[in-house]
Amino acid sequence: MTRHEESGRESEGAHAHAQYQRDKAEHLLQRARRSTDPEEAARLREEGERLKEGSERALAEEHEPRPDDLHEEYPG
């Protein structure tokens, strides 16, 4: 397996993990909205916001160019 293929697999794994975390965050936020216990709702909301923030940051970072990307344009 080439370095590029390994990088692609790692990227796919990171993407899948970030999507899972984002979905989990949304689930926690929904539970917080439905909760009748204010302490539980606050705890769920905090955890959901934390997961959502981290997952969205990870998803945004994967679209940023990396120094080892082969898609750089060179002056001709």
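The values are calculated or read from the model by the stated rules, or taken from the named source; none is laboratory data. What you see is a predicted model; the values in this text were computed from it and never measured. In this analysis, Cβ positions are derived from the backbone assuming ideal geometry, glycine residues included, and neighbour counts consider all displayed protein chains. Only protein heavy atoms, including side chains, enter the accessible area calculation; ligands, DNA and RNA are left aside. Shrake-Rupley method; radii C 1.70, N 1.55, O 1.52, S 1.80 Å.
Which of the residues that make up the range 11-50 are polar (S, T, N, Q) and open to solvent by less than 100 Å² (accessible area, probe 1.4 Å)? First the steps, then the outcome.
Let us first name the residues in the range 11-50 that are polar (S, T, N, Q), namely 11, 19, 21, 30, 35-36.
Scanning the range 11-50 gives SER11, GLN19, GLN21, GLN30, SER35.
The residue pairs whose first member lies in the range 15-41 and is closer than 12 Å to GLU53 by Cα, whose second member is not in a helix (DSSP H, G or I), and whose beta carbons are closer than 9 Å, counting only pairs six or more residues apart or on different chains, are ALA18/GLU62.
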